[in-house]
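Right, one structure below, let's go through it.
The values are calculated or read from the model by the stated rules, or taken from the named source; none is laboratory data. Note that the coordinates shown come from a computational prediction; the quantities given were computed from them, not determined experimentally. Cβ sites come from the backbone with ideal geometry, for glycine too, and all protein chains shown count toward neighbours. The area values use the complete protein model at the heavy-atom level, side chains included, leaving out ligands, DNA and RNA. Shrake-Rupley method; radii C 1.70, N 1.55, O 1.52, S 1.80 Å.
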There are 2 protein chains.
Amino acid sequence: MLIESIPNVSEGRRPEIIAATAAAIGAVPGVRLLDYSSDPSHNRSVFTLVGDADGVERAVLALFERAVADIDLRVHSGEHPRLGAVDVVPFVPIEGVTMDACVALAKKVAAEVAARFSIPVYLYEEASSNPARKNLEDIRRGEFEGLAAKMTTPEWVPDFGPSAPHTSGGAAVIGARMPLIAYNINLATDRLDVAKKIAAAIRHSSGGYRFVKAMGVKLEQRGIVQVSMNLTNFEKTPIFRVFETVKREAARYGVAILESEIVGLVPSAALTSAAEFYLQLEGFKSGQVLENKLRLTTDD
Amino acid sequence: MLIESIPNVSEGRRPEIIAATAAAIGAVPGVRLLDYSSDPSHNRSVFTLVGDADGVERAVLALFERAVADIDLRVHSGEHPRLGAVDVVPFVPIEGVTMDACVALAKKVAAEVAARFSIPVYLYEEASSNPARKNLEDIRRGEFEGLAAKMTTPEWVPDFGPSAPHTSGGAAVIGARMPLIAYNINLATDRLDVAKKIAAAIRHSSGGYRFVKAMGVKLEQRGIVQVSMNLTNFEKTPIFRVFETVKREAARYGVAILESEIVGLVPSAALTSAAEFYLQLEGFKSGQVLENKLRLTTDD
């Protein structure tokens with residue numbers, strides 16, 4: 001079983017605090033810290049870790065313990081919006097685990113964080129208890145500075161913990177979601193209007209695919225335009241379908257696709273499904289991928 | 001570093017011997033036995049194991065030790081051609097290892113087998129010392145029963161070990177090769193001549209791609225035909241190129257591709273390269289696949 005978690009912590013300027021947090025995660029058995037990076041102007045760090053449910057739970061609690069001790073939001077500033085010392089914690093199903101199990105894990109960790117650190121917790125995305133509190137941006141609106149006032153309204157009673165912010169640690173947002181894929185398609189043209197029209201055609205907000213966020217941008221230095229996307233559920237809105245739709249829409253304007261790119265990490269299954277589609281593979285099972293078989297065997 | 005080895009052993013009827021051989025492999029640290037299967041009519045078993053160079057070497061030597069003690073080719077019969085108790089041992093580079101390293105490992109294991117068990121060893125495929133002894137079928141021609149006579153000729157002096165067969169164990173063929181992919185494309189027609197013409201167009205032996213073996217066969221029960229292939233080097237002759245060529249050749253006869261299938265295991269990179277091709281992915285690195293990153297981190 002493999003669950004990914006990507007905690008976002010409101011500290012991006014003091015390397016010793018960030019290193020100590022990374023070390024606390026790394027010390028938890030059954031968990032691997034794949035990556036962490038800090039942005040001083042955001043004053044924020046992002047940790048990417050994977051493990052089984054128990055391991056990931058212990059690692060996130062260890063991270064809360066450090067962050068609550070080290071970070072005081074009353075003296076924190078940075079460009080990125082934030083609500084708490086540990087700002088957001090998503091749990092993401094990677095392999096051999098359902099979304100339901102990740103939702104259950106999010107609720108368990110949320111209850112534990114509230115009980116152990118007296119921090120109010122809002123559940124978000126798939127773990128959300130309330131459609132108005134599904135979206136991270138909605139929960140975070142008003143930030144730490146507006147939180148005490150916001151929490152006096154009945155709509156913002158937290159899912160777990162006290163009904164007022166933690167003095168220095170604010171509140172946390174914990175939930176479950178599918179892996180995000182940052183996917184861009186570059187067009188062989190400098191016509192920004194074409195990229196914007198295609199982005200509008202494929203994104204959910206303007207009538208496109210359910211799990212696509214997209215915008216058209218200009219790559220000034222290269223003299224081309226790009227359809228820049230986040231794919232928020234590659235199982236239900238797969239990469240190949242998005243690619244083929246962009247290709248067809250671009251052809252309508254006499255424009256070809258120059259290339260596409262994946263930024264950062266992508267689950268193997270998202271690429272395998274593209275191979276299955278184009279090669280018309282019948283009856284293919286993920287256990288046929290040598291590396292998957294190997295990993296599954298390791299876990300025995 | 002990940003090397004696969006697929007030893008073929010001349011015993012497929014005595015389950016206790018096969019189980020003991022599997023147990024001997026499984027007991028070697030740093031090696032995982034992914035799969036093993038026996039064919040009683042062939043009287044032969046195939047073991048699939050992976051590990052680092054040291055682990056795979058120790059596992060193959062442990063397998064030789066069991067097989068040489070347990071199998072006597074003088075009383076062995078079966079439908080599959082064979083030269084020795086341990087008949088063939090290929091080493092296959094999977095990840096973080098070059099073909100040269102697998103060739104070196106094949107030679108090291110061959111020398112060790114010859115020294116420890118007094119078994120003559122022929123090197124084959126990429127490890128071959130001689131173009132006339134590259135192909136397994138050529139080395140195995142005449143089988144165990146013809147081996148003593150064959151070895152008296154200068155062409156068949158072995159690469160390692162005595163210049164006569166081991167009394168009960170015969171000789172072994174050890175080498176290195178790329179992973180094989182068993183890949184079939186089903187055509188939406190019952191015209192066997194079309195499948196045969198396409199097979200001839202794409203296979204190496206009749207002018208096609210360097211690393212394709214292919215034949216046209218009829219799937220009687222489904223009333224369709226199939227181009228049945230072995231892809232012997234998916235890096236140099238990738239799946240997508242074979243698929244697209246078959247599709248184009250079939251169109252020449254007004255025939256469409258119904259579906260394709262991969263039989264057994266396939267390295268992740270073979271599918272990723274198809275996704276890269278069709279999605280026109282630029283600058284994609286295998287380290288961006290989450291599971292690869294995870295596995296590489298594990299190995300640290």
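When the residues of region A:15-29 are filtered to those that are open to solvent by 50 Å² or more (accessible area, probe 1.4 Å) and assigned to a loop (DSSP other than H, G, I, E, B), which remaining residue is farthest from the other protein chains (Cβ to nearest Cβ)? By that ranking, first place goes to A:Ala27.
Would it be correct to say that B:Gly254 is over 21 Å from B:Lys213 (Cα atoms), over 29 Å from the mean Cα position of the chain (by Cα), small (Gly, Ala, Ser) and modelled with pLDDT of 95 or more? Judged against the criteria, B:Gly254 is a match.
State whether one or more residues within region A:1-14 are modelled with pLDDT of 95 or more and part of a helix (DSSP H, G or I). No.
Tallying residues that are over 16 Å from the mean Cα position of the chain (by Cα) and closer than 26 Å to B:Lys107 by Cβ within region B:34-67 yields 15. Exactly one residue among A:Val68, A:Val60, A:Val109, A:Val97 is open to solvent by 10 Å² or more (accessible area, probe 1.4 Å) and assigned to a helix (DSSP H, G or I), and that residue is A:Val68.
Consider only pairs whose beta carbons are under 6 Å apart and that are at least six residues apart or on different chains; among these, list those whose first residue lies in region B:255-266 and is more than 7 Å from chain A (Cβ to nearest Cβ) and whose second residue is crowded, with 17+ Cβ neighbours inside 10 Å and assigned to a strand (DSSP E or B). Listed by first residue and then by second, the contacts come to B:Val255/B:Leu187; B:Leu258/B:Asn186.
Here A:Glu220 fulfils each of the conditions (1) within 30 Å of B:Pro93 (Cα to Cα); (2) among the acidic types (Asp, Glu); (3) more than 25 Å from the chain's Cα centre (by Cα) apart from (1).
Residues of region A:129-157 that are open to solvent by 30 Å² or more (accessible area, probe 1.4 Å), of a type in the set (Gly, Ala, Ser) and under 14 Å from A:Gly84 (Cβ atoms): A:Gly142, A:Ala148. Can you tell me which residue in region A:30-57 is most open to solvent (accessible area, probe 1.4 Å), limited to those that are farther than 20 Å from B:Lys293 by Cβ, touching a Gly at 6+ places or on another chain (Cβ under 8 Å) and not polar (S, T, N, Q)? Per the stated criteria, the residue is A:Asp54. Is there a residue in region B:169-185 that is within 30 Å of B:Arg203 (Cβ to Cβ), surrounded by fewer than 16 Cβ atoms within 10 Å (Cβ to Cβ) and either free of Cβ contacts under 8 Å to residues at least 24 places away in the same chain or among the β-branched types (Val, Ile, Thr) (or both)? No, that holds for no residue.
If you go through region A:71-87 and keep only what is of a type in the set (Gly, Ala, Ser) and open to solvent by less than 20 Å² (accessible area, probe 1.4 Å), you end up with A:Gly84, A:Ala85.
Would you confirm, using the coordinates I've provided, whether A:Ala195 is of a type in the set (A, V, I, L, M, F, W, C), more than 24 Å from the chain's Cα centre (by Cα), at pLDDT 95 or above and open to solvent by 50 Å² or more (accessible area, probe 1.4 Å)? Answer is no for this residue. Annotation note: of A:Ser273, A:Ser228, A:Ser205, A:Ser268, the sole residue that is touching an Asp or Glu at 6+ places or on another chain (Cβ under 7 Å) and either under 25 Å from A:Glu4 (Cβ atoms) or surrounded by fewer than 17 Cβ atoms within 10 Å (Cβ to Cβ) (or both) is A:Ser268.
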